[in-house]
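What follows is calculated from the coordinates using simple rules that are stated; it is not laboratory data. This is a predicted model, so every value here is computed, not measured. When we count neighbours, we look across all protein chains shown, and the Cβ atoms used for this are built from the backbone with ideal geometry, even at glycine.
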Amino acid sequence: MRKLELHWKILIGMVLGIVFGFVMTQIDWGKGFVSDWIQPLGTIFVKLLKLIAIPLIIASLVKGISDLKDISKFRNIGLRTIGIYILTTVVAITIGLLLVNTLKPGNGISEETVAKLTQTYATDSGVTSKIAEATRQKDGGPLQFLEDMVPDNAIKAMSDNGLMLQVIFFTIFLGISMLLIGEKRAKPLKDFFDSLNDVVLKMVDLIMLSAPYAVFALLAGVVTSSSDPDLLLALLKYAGVVVGGLFLMIVFYAIVVSVYTKKNPFWFLKEMSPAQLLAFSTSSSAATLPVTMERVEEHIGVDKEVSSFVLPVGATINMDGTSLYQGVAAVFISQALGFDLTFGDQLTIVLTALLASIGSAAVPGAGMVMLVIVLESIGFPADKLAIGLALIFAVDRPLDMCRTIVNVTGDAMVSMVVAKSVGKLGKPNIKEWDDHLDEVI
Ligand code: ASP
């Protein structure tokens, strides 16, 4: 296996994991075996990635900002990033809405299937907990998101991966203040963070050594806990529309990469593939973030001044795949339950799916929580929400895996575009996990 490129090793791990998962579903004790003995290995891997996410964000963002030497550059990067993120998200929702309105996957769903899905999932804790979570998130005022972004305790913010925006806020504040006290006085702190950054990137390399085995465990777990294949089949058209839309988004990214940055889009996708495969296996942009950062900086050549801001912010607020899915799912549910949508409703979906994808956490299943808010915005009856979610619940995990690939690829593409626009897209500088190994052993 040594000579194979990383993405091939991961791909082989995934395929073997899926096959193993299927075999285990055929054996009486198979499911229990996978959940007791295999799945924990995948969980440990995801935990390791999450473990280094916060130190990596802090170290690389401080380094990125303090290398800038000029705050106005930061404002420039910041505004471009947010602008492009909003733009790509609107493109994603529009693609989703165009597809779902033309192909109408919800019209072919029989009443019998609706009844079966409702009976199976409407009272499932997976569905009810998502509705409860959405209600909790909705209860704030219009400026709640700003309030939530500012931590009152830096250490507390750093102790919770869900508070990534708070950590980013604190770190930008710290980095800008370091610029303001001047290079000489900030040097000790800068050296510390530079060194921490190198160390954490090395930790990413080491963790990635176990990636092919970990994805085996993760996918075996997904297969053994997936729903009844009959129900999956009934939702094939809907799933096809979401996956088709996601594929078009990847094509859109490839075109932007080729036209704007003048790089080969296949090279871009190949270099990003380990991050994409992890996004698929973990369903979490946050867990994938350390690998996304490593790939974008070392393999694509985006300067840290750009990637250190664009990627962590993107992982939390830019979710093109999620917003596309929310658009398709909202219209699909309305079609299936005979709920007519006006053009105004569709525009409302664009706006709320945009805000919802910003508000979605970068963890598995978060997109479905925010879908509740999208549905409510178009006046979907509250008593039918559980039925609506029940309709799509069976295929949510596989679609979550696919949309997370798009979320991660979108962030990487935007970091390239922003880097190019400020002259910070350079040559790749690949570091292997075993560089300097001979000095240690
Ligand atoms: N799992 C997605 C992510 O982490 C969010 C979602 O769509 O549920 O990017």
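Could you go through region 285-298 in sequence order and give the Karplus-derived ³J(HN,Hα) for each residue, using 6.51 cos²θ - 1.76 cosθ + 1.60 with θ = phi - 60°, rounded to whole Hz, and x for Gly and Pro?
With coefficients 6.51, -1.76 and 1.60, one gets 5, 5, 5, 7, 3, x, 6, 4, 5, 4, 5, 5, 6, 7 Hz.
Which of Ser210, Ser307, Ser66 comes first, and how do the rest follow, when ranked by fewest Cβ neighbours within 10 Å?
Ser210, Ser66, Ser307
Taking a virtual spin label 7 Å from the Cα of Asp198 along the C-beta vector, which residues in region 417-441 bring their backbone nitrogen under 18 Å of it?
429-441, by backbone N distance to the label point.
From the helices alone, meaning DSSP H stretches of at least four residues, give me the mean residue ellipticity at 222 nm for the chain, per-run term -39500 (n - 2.57), in deg cm²/dmol to the nearest 500.
Working: 22 runs with 335 residues, N = 441.
-25000 deg cm²/dmol, from helical runs alone.
Greater than 27 Å separation of Cα atoms is the criterion. Which listed pairs, Lys184/Lys304; Lys156/Lys424; Lys47/Lys184, meet it? Mind dumping the intermediate values first?
Values: Lys184/Lys304 21 Å; Lys156/Lys424 34 Å; Lys47/Lys184 38 Å.
Listed pairs above 27 Å: Lys156/Lys424; Lys47/Lys184.
List the lysines whose Cα sits under 22 Å from the Cα of Lys3, skipping any in the same chain fewer than 8 residues away.
Cross-link targets: Lys202, Lys270, Lys431.
Report the net charge of residues surrounding Ala254, where surrounding means a beta-carbon distance below 12 angstrom and charges are Lys +1, Arg +1, Asp -1, Glu -1. Write out the running numbers ahead of the final one.
Details: positive: Lys263, Lys270; negative: none.
Taking every other residue near Ala254 into account, the sum is +2.
In whole percent, what relative contact order does region 310-406 give with Cα contacts below 8 Å and a gap of six or more residues?
Working: 94 pairs, mean separation 38.4, N = 97.
Relative contact order comes out at 40 percent.
Pairs Lys63/Lys420; Lys63/Lys187; Lys50/Lys263: which exceed 22 Å Cα-Cα? Intermediate values should be presented prior to the final figure.
Values: Lys63/Lys420 19 Å; Lys63/Lys187 11 Å; Lys50/Lys263 31 Å.
Pairs exceeding the cut-off: Lys50/Lys263.
Between Lys187 and Leu146, with labels modelled 7 Å along Cα→Cβ, what's the label distance in nm to one decimal, could you check?
Reported label-point gap for Lys187 and Leu146 is 4.0 nm.
Just check region 138-180 against the gyration tensor rule for me: Cα atoms, a ≥ b ≥ c as the square roots of the eigenvalues, rounded for a/c under 1.5, and otherwise prolate or oblate depending on whether a/b exceeds b/c. All intermediate terms of the calculation are to be shown ahead of the outcome.
Working: a/c = 3.06, a/b = 1.65, b/c = 1.86.
Here region 138-180 falls in the oblate category.
For Thr123, Thr348, what's the fewest-to-most ordering of other Cβ within 10 Å of each Cβ? If you can, show how the numbers build up before the last one.
Details: Thr123 11, Thr348 17.
Result, fewest neighbours first: Thr123, Thr348.
What longest range of the chain stays clear of loop-exposed GluC sites (Glu not before Pro) (DSSP non-H/G/I/E/B, at most 13 other C-beta within 10 angstrom)? Before the final figure, lay out the partial values.
Numbers: sites that count: Glu5, Glu432.
Here the longest run is 6-431.
Pairs to check: Lys9/Lys130; Lys9/Lys427; Lys104/Lys384. Give those whose C-alpha atoms are more than 27 Å from each other in this structure. Don't skip to the answer; put the middle values down first.
Values: Lys9/Lys130 35 Å; Lys9/Lys427 25 Å; Lys104/Lys384 20 Å.
Where the Cα-Cα span goes over 27 Å, the pairs concerned are Lys9/Lys130.
Can you pull out the trypsin sites (Lys or Arg not before Pro) in region 409-441 whose DSSP state is coil and whose Cβ has at most 16 other Cβ atoms within 10 Å? Let's see the in-between values first.
Working: sites: Lys420, Lys424, Lys431; in loops: Lys424, Lys431.
When the trypsin sites (Lys or Arg not before Pro) of region 409-441 are filtered for loop state and at most 16 Cβ neighbours within 10 Å, Lys431 remain.
Exactly which chymotrypsin sites (Phe, Trp or Tyr not before Pro) in region 273-377 are in a DSSP loop and have at most 15 other Cβ atoms within 10 Å? Mind dumping the intermediate values first?
On the way: sites: Phe280, Phe309, Tyr325, Phe332, Phe339, Phe343; in loops: Phe339.
Listed in order of number, the matching sites amount to none.
If you build the convex hull over the alpha carbons only and average its shadow over all orientations, what do you get for the chain? Give it in nm² to one decimal. Show your work: numbers first, answer last.
Values: hull surface 89.7 nm².
Mean projected area of the Cα convex hull: 22.4 nm².
Before anything else, pin down the relative contact order of the chain: Cα pairs under 8 Å, at least 6 apart, normalised by residue count, whole percent.
Details: 621 pairs, mean separation 133.2, N = 441.
It rounds to 30 percent for the chain.
Among residues other than Val306 whose Cβ falls under 13 Å from its Cβ, what is the net charge (Lys/Arg +1, Asp/Glu -1)?
Numbers: positive: Lys63, Lys73, Arg80, Lys304, Lys420, Lys424; negative: Asp67, Glu297, Asp303, Glu305, Asp411.
Counting the neighbours of Val306, the net charge comes to +1.
Taking the beta-carbon count within 10 Å as an exposure proxy, list Lys187, Lys304 from fewest neighbours to most. Working shown, then result.
Numbers: Lys187 12, Lys304 21.
In order of increasing Cβ crowding within 10 Å: Lys187, Lys304.
Report the extension gain between Asp340 and Ile86 in nm, rounded to one decimal, defined as 0.36 nm multiplied by the number of residues separating them, less their alpha carbon distance. Mind dumping the intermediate values first?
On the way: separation 254, 0.36 × 254 = 91.44 nm, distance 2.77 nm.
Full extension from Asp340 to Ile86 adds 88.7 nm.
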